[in-house]
Amino acid sequence: QTVDRATLTANQVSVSGDSLLVAQGDVEVQYRGQRLRAQRITYDRAADRLRFEGPIYLTDDNGNFVRAETADLSADLTEGVMNSARMVLNRQMQIAARQMFRAGGRYTQLTDTVASSCQVCTIDPVPLWEIRARRVVHDQLEQQLYFDRAQLRFAGVPVFYLPRLRMPDPTLDRATGVMMPDIRTTSGLGTGIKLPYFITLGSSRDLTVTPYLSTKNGRTLELRYREAFRTGQIEVTGATSRDDILPGEARGYLHASGDFALPRDFRLTFQAEAVSDPAYLLDYGISDKDRLDSRIEVSRTRRNEYISGRFINFRSIRDIDGVPESNATLPTLIGDFTLHRRFSGGPLGGEAGLMFQTHSHYRTSTLDYDTDVDSDDIADGRDMSRASLRLDWRRNWVTGPGIVVSTMAEVSADLYNIRQDATYGGTHSRLHGATGLELRWPWVGGTADGATHVIEPVMQLVLASRDGSDIPNEDSALVEFDEGNLFALDRFAGSDAHEDGARLNVGLSWTRYAPSGWSLALAGGRVFRREDFGQFSTASGLDGVTSDWLATAQVTVPGGLSLTNRALFDGAFGITKAEFRLDLDREKYALSTSYIWLQADAAENRIADTQELYLNGRYALTDTWTGKLSGRYDFEADRATRAGLGLEFRNECLLVDLSLSRRFTSSTSVKPTTDFGLSVDLLGFGGSAKPGPARKCRG
Amino acid sequence: QQANIAFGGLKQDTSLPVQVEADNLTVEQATGTAVFSGNVRVAQGDLKLAAARVQVEYAADGKAIERLHASGGVTMANATDAAESKEAVYTIGSGNLVMTGDVLLTQGKSAIAGQKLVIDLKAGTGTMQGRVSTTFVPGNK
Amino acid sequence: CTFTPAYAPGGPAAALQGAIRVDAPSDKNGFDLVERLEERLGRPQGDRYRLSYTIRTESIGVGVTPENATTRYNLRGTVDWVVKNAAGTPLAEGTAASFTSWSATGSTVAGLAAEEDAAYRLMRILADQIVTRLLATAGSFL
């Protein structure tokens with residue numbers, strides 16, 4: 001057993017008397033990861049004691065640091081007393097004490113203490129907040145701080161008194177205990193306070209119990225349970241509430257999710273969502289979701305294979321024209337299985353893919369005809385099952401002048417079984433094929449200013465069969481037209497519809513990469529059809545013999561700016577659809593804004609044009625104050641749907657978050673509400689939120 | 001193994017006679033000094049001193065040794081302690097032993113290293129200077 | 001300024017087809033990104049160049065009606081990618097960024113298909129951006 005030696009270095013060491021060794025001048029003692037510096041140390045070998053004088057600095061191996069005037073410790077530095085000591089834990093939390101007693105290498109007791117993680121400057125020594133206490137015991141093993149007769153002071157003013165207080169030390173990241181409270185005022189619930197209590201249940205499980213009481217006799221208990229397993233983890237959050245919004249009703253919500261690794265690279269994920277009434281999630285500020293989605297899925301992804309089997313249950317809590325969306329006539333239970341394999345084309349060369357997919361969905365209503373309970377014209381009770389097989393192939397050739405010629409083909413067979421539908425009931429089948437010839441001729445060049453340019457004209461001729469079947473289109477009702485499907489053989493999102501007939505897709509893109517790293521990309525495209533089969537609605541931009549012009553512009557700057565603009569406009573430059581997104585994320589400020597303009601379209605049951613500007617930004621007013629602004633303006637309704645202001649103060653020891661937001665939307669179940677939130681977090685305790693910059697000491 | 005190795009073990013009665021042995025000796029009448037060389041051994045009671053070369057300076061009466069100047073790697077030992085250094089000067093009258101140059105003083109389990117060690121053999125005290133480093137075993141094991 | 005067809009003999013991307021092996025995907029987005037990259041760059045013939053990538057997507061609700069129904073979603077995506085040679089030294093890298101959208105005004109089945117098609121199209125747009133960037137820089141390392 002190797003003997004742990006302590007090393008002492010100094011400018012001068014003198015040996016006198018029978019067992020005294022006196023070291024002077026920049027004396028340093030190192031023992032088991034602890035390092036102690038002082039001006040003068042006397043080592044009494046017989047008593048096995050070390051006495052220190054002059055400013056003493058003790059640092060131990062887990063980042064704790066003690067400064068003291070004098071000290072008398074055992075030779076292994078684990079026991080003894082230090083006078084007018086200042087202990088700094090994890091370079092954050094400071095505890096000044098008249099005396100500090102170390103016992104058994106585990107406990108440190110400090111008397112007449114002032115604890116704070118705030119920067120203390122010599123010229124104004126009053127920290128922003130401090131906890132004064134007769135006695136503090138620091139348990140290094142349990143990483144806890146126990147205060148006796150503690151008094152919380154803000155800017156020197158006593159605010160709170162507690163006979164006994166226990167708090168985790170900064171190095172601890174998980175411990176049972178009360179967490180910082182949040183104050184929340186909403187028009188529906190009045191002013192209330194949330195007081196979370198965190199309970200660790202062993203090393204891999206924990207439970208957070210959060211009572212939330214508010215003036216308009218709102219009483220809520222929220223629970224969050226988390227458990228980590230060897231192969232995955234689950235998290236369940238739920239709450240039960242009673243309030244004046246729905247007096248006399250037990251309200252609540254549940255959200256559970258889990259993710260597990262299964263053998264042979266399979267993965268199981270599940271998510272469950274339930275709520276007692278449509279307005280609950282909004283009233284309690286939990287989420288904006290208007291369709292709850294519970295699902296369980298087993299999937300595996302490899303380079304050439306994707307397998308997924310899943311069940312999904314939808315529940316709509318949405319309001320449409322003042323009427324809650326009926327869940328009976330919506331497909332609420334969906335089952336899918338997908339196997340997609342990719343492989344080389346073998347003798348044909350190139351890249352090929354085979355996909356086998358089954359899909360079925362179920363409506364609880366049993367009516368086989370459409371009523372006006374909902375706004376669609378689908379039989380209320382229609383249930384559908386589909387099995388599809390799709391084979392695709394594609395190959396590139398590079399020709400002499402640098403033109404990349406790609407030949408591609410896709411053939412799909414679908415088998416449908418539709419039930420509880422007077423018009424479409426029974427089984428249907430369909431065979432659909434498409435072939436394409438694509439020519440790409442990219443040019444690359446450099447200009448005098450050092451920029452690199454890529455200009456790429458693309459032309460694609462597609463011949464597709466004509467679908468004679470009368471299969472109703474449910475999953476391909478919503479069509480988008482962008483650079484992602486300008487050159488696709490089939491632009492429908494699902495399998496219920498396939499794009500028919502011959503067409504020519506034409507596109508041109510120009511991208512400029514500046515030497516400094518920012519890039520500008522412009523692209524345009526259009527679809528020319530031989531014959532219009534009326535498969536697309538006007539709002540998709542793909543209708544007519546010639547489609548709308550697709551134009552996109554994008555600017556990206558390294559370091560977090562990306563601006564993307566996409567528009568569809570018809571020949572006479574009338575805008576069909578325009579979307580703009582700017583995302584800027586810098587250290588001092590960030591802005592995320594989006595603008596959309598969409599034409600009304602009955603096929604997509606969008607009864608009115610949609611025109612909305614959304615804005616969400618933050619700006620560092622000073623290095624501790626940050627202003628936040630968010631808003632959503634609906635130009636059609638000509639008023640804001642949501643506006644929010646926020647102010648955050650974060651320095652090395654305190655985090656204050658003020659937020660004021662107003663939601664203007666109202667429906668049968670949801671009323672406009674104003675939400676004011678205040679949360680105060682003392683930083684430096686138990687590895688809580690990341691501290692901000694320390695204030696500079698003036699003078 | 002004594003319970004506590006007293007540092008004070010450096011105490012030494014400096015009035016005892018000093019014997020010096022060596023392979024060869026050269027004497028210079030004019031300066032009254034003698035130079036012993038070749039594994040020189042100096043002994044005074046428990047104090048033993050060994051060096052490659054020791055120059056002895058005698059007192060005015062020519063008989064008593066006043067000072068020993070040892071060089072070429074010196075080791076000093078007494079009943080409980082030992083020290084080594086490049087050079088050492090022992091002034092017998094004052095009981096002052098000064099060892100200089102990579103000095104290492106070992107006492108039981110602890111050792112002190114430095115550049116200059118001044119030992120007062122009469123008082124039994126020693127002071128090490130220069131960037132000194134020493135190791136000790138807390139808990140006195 | 002000098003312009004040449006990228007794939008012409010002696011052009012910067014003459015040797016690009018089949019030269020780059022894309023890292024295996026771990027989720028559906030990765031699968032669609034790799035499929036499009038292999039469509040554009042051809043299936044890899046060897047291991048001389050490897051492209052690794054990190055995909056991040058975020059779905060943001062837009063088009064909120066006065067009745068608080070979210071009628072449309074933007075799916076924002078970025079791919080940080082780097083091409084390395086067999087020894088692991090990076091030869092080209094960049095970040096592709098864009099967004100696609102889908103309407104949620106239809107039925108749940110239509111919304112689900114539109115959401116997954118939006119992700120599929122986003123991955124193809126980001127893959128095309130990577131290929132365009134490779135065309136511009138292939139001359140320096142191929």
Q: Look at B:Ala59 and say whether it is away from chain A (no Cβ under 12 Å), more than 13 Å from the chain's Cα centre (by Cα) and modelled with pLDDT under 90.
A: yes
Q: Test B:Gly139 against the stated conditions and say whether it is surrounded by 17 or more Cβ atoms within 10 Å (Cβ to Cβ) and either of a type in the set (S, T, N, Q) or within 12 Å of another protein chain (Cβ to nearest Cβ) (or both).
A: no
Q) Any residue in segment A:244-251 that is within 23 Å of A:Thr208 (Cα to Cα) and either out of contact with any Cys (no Cβ under 6 Å at 6 or more places or on another chain) or small (Gly, Ala, Ser) (or both)? A) yes
**Q.** Single residue of C:Arg43, C:Arg36 found to be of a type in the set (D, E, K, R) and more than 7 Å from chain A (Cβ to nearest Cβ)
**A.** C:Arg36
Q: Kindly indicate whether any position in segment C:51-61 is more than 7 Å from every other protein chain (Cβ to nearest Cβ), more than 17 Å from the chain's Cα centre (by Cα), over 30 Å from A:Phe314 (Cβ atoms) and not in a helix (DSSP H, G or I).
A: no
(Q) Of all residues being among the polar types (S, T, N, Q) and crowded, with 19+ Cβ neighbours inside 10 Å in segment A:593-636, which is farthest from the other protein chains (Cβ to nearest Cβ)? Just the residue, please. (A) A:Thr626
Q: Assess whether A:Arg491 counts as being under 32 Å from the mean Cα position of the chain (by Cα) and either buried (at least 22 other Cβ atoms within 10 Å of the Cβ) or under 24 Å from C:Tyr120 (Cβ atoms) (or both).
A: yes
Q: Select from segment A:227-266 the residues that are hydroxyl-bearing (Ser, Thr, Tyr) and either over 30 Å from A:Ser308 (Cα atoms) or touching a residue at least 24 places away in the same chain (Cβ under 8 Å) (or both) and list them in ascending order.
A: A:Thr231, A:Thr240, A:Ser241, A:Tyr253
**Q.** Flag for A:Ala47 being of a type in the set (Gly, Ala, Ser) and within 23 Å of B:Val137 (Cβ to Cβ)
**A.** yes
Q) Residues in segment A:494-508 that are surrounded by fewer than 22 Cβ atoms within 10 Å (Cβ to Cβ) and not in a loop (DSSP other than H, G, I, E, B): how many? A) 4
Q.
Conditions first: (1) within 8 Å of chain C (Cβ to nearest Cβ); (2) more than 20 Å from C:Arg36 (Cα to Cα); (3) in contact (Cβ under 8 Å) with a residue 12 or more places away in the chain; (4) not polar (S, T, N, Q). A:Pro442 passes all but one, so which condition is the exception?
A. (2)
Q: List every residue pair whose Cβ atoms lie under 9 Å apart, where the two residues are 6 or more positions apart in sequence or sit on different chains, the first residue falls within segment A:382-402 and is more than 11 Å from chain C (Cβ to nearest Cβ), and the second residue, located anywhere, is among the acidic types (Asp, Glu) and in a loop (DSSP other than H, G, I, E, B).
A: A:Asp383/A:Asp421
Q: Run down A:Arg466, A:Arg430 and say which single residue is more than 19 Å from C:Arg36 (Cα to Cα), assigned to a strand (DSSP E or B), of a type outside the set (A, V, I, L, M) and out of contact with any Pro (no Cβ under 9 Å at 6 or more places or on another chain).
A: A:Arg430
Q) Considering segment C:80-135 alone, what residues qualify as being under 17 Å from C:Gly61 (Cα atoms), assigned to a strand (DSSP E or B) and either within 14 Å of the chain's Cα centre (by Cα) or more than 9 Å from chain A (Cβ to nearest Cβ) (or both)? A) C:Ser98, C:Phe99, C:Thr100
Q.
Can you list residue pairs whose Cβ atoms sit under 6 Å apart, with the first residue in segment A:417-434 being within 18 Å of A:Pro331 (Cα to Cα) and the second being of a type in the set (Gly, Ala, Ser) and assigned to a strand (DSSP E or B)? Count only pairs 6 or more apart in sequence or on different chains.
A. A:Asn417/A:Ser385
Q. Can you tell me which residues in segment A:439-488 are crowded, with 18+ Cβ neighbours inside 10 Å and basic (Lys, Arg)?
A. A:Arg440
Q) Which members of segment A:198-221 meet the condition of being part of a strand (DSSP E or B), in contact with a Ser or Thr (Cβ under 7 Å, 6 or more places away or on another chain) and of a type in the set (Ser, Thr, Tyr)? A) A:Thr200, A:Tyr212, A:Ser214, A:Thr220
Q.
I'd like to verify a number: residues in segment A:230-288 that are farther than 29 Å from A:Thr673 by Cα and among the hydrophobic types (A, V, I, L, M, F, W, C), how many?
A. 7
Q. Restricted to segment C:1-28, and to residues that are in contact with a helix residue (DSSP H, G or I) (Cβ under 6 Å, 6 or more places away or on another chain) and either surrounded by fewer than 21 Cβ atoms within 10 Å (Cβ to Cβ) or under 23 Å from A:Trp393 (Cβ atoms) (or both), which residue is farthest from the other protein chains (Cβ to nearest Cβ)?
A. C:Ile20
Q. Of everything in segment A:637-657 that's more than 20 Å from the chain's Cα centre (by Cα) and farther than 30 Å from A:Leu89 by Cα, which residue is surrounded by the most Cβ atoms within 10 Å (Cβ to Cβ)?
A. A:Thr641
Q: With respect to A:Ile334, determine if the residue is more than 8 Å from every other protein chain (Cβ to nearest Cβ) and either without any contact (Cβ under 8 Å) to a residue 60 or more places away in the chain or on the phi > 0 side of the Ramachandran plot (or both).
A: no
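The values are calculated or read from the model by the stated rules, or taken from the named source; none is laboratory data. On a predicted model such as this, the values are computed, not experimentally measured, just so you know. Ideal geometry is used to build each Cβ from the backbone, glycine not excepted, and the neighbour counts take in all protein chains shown.
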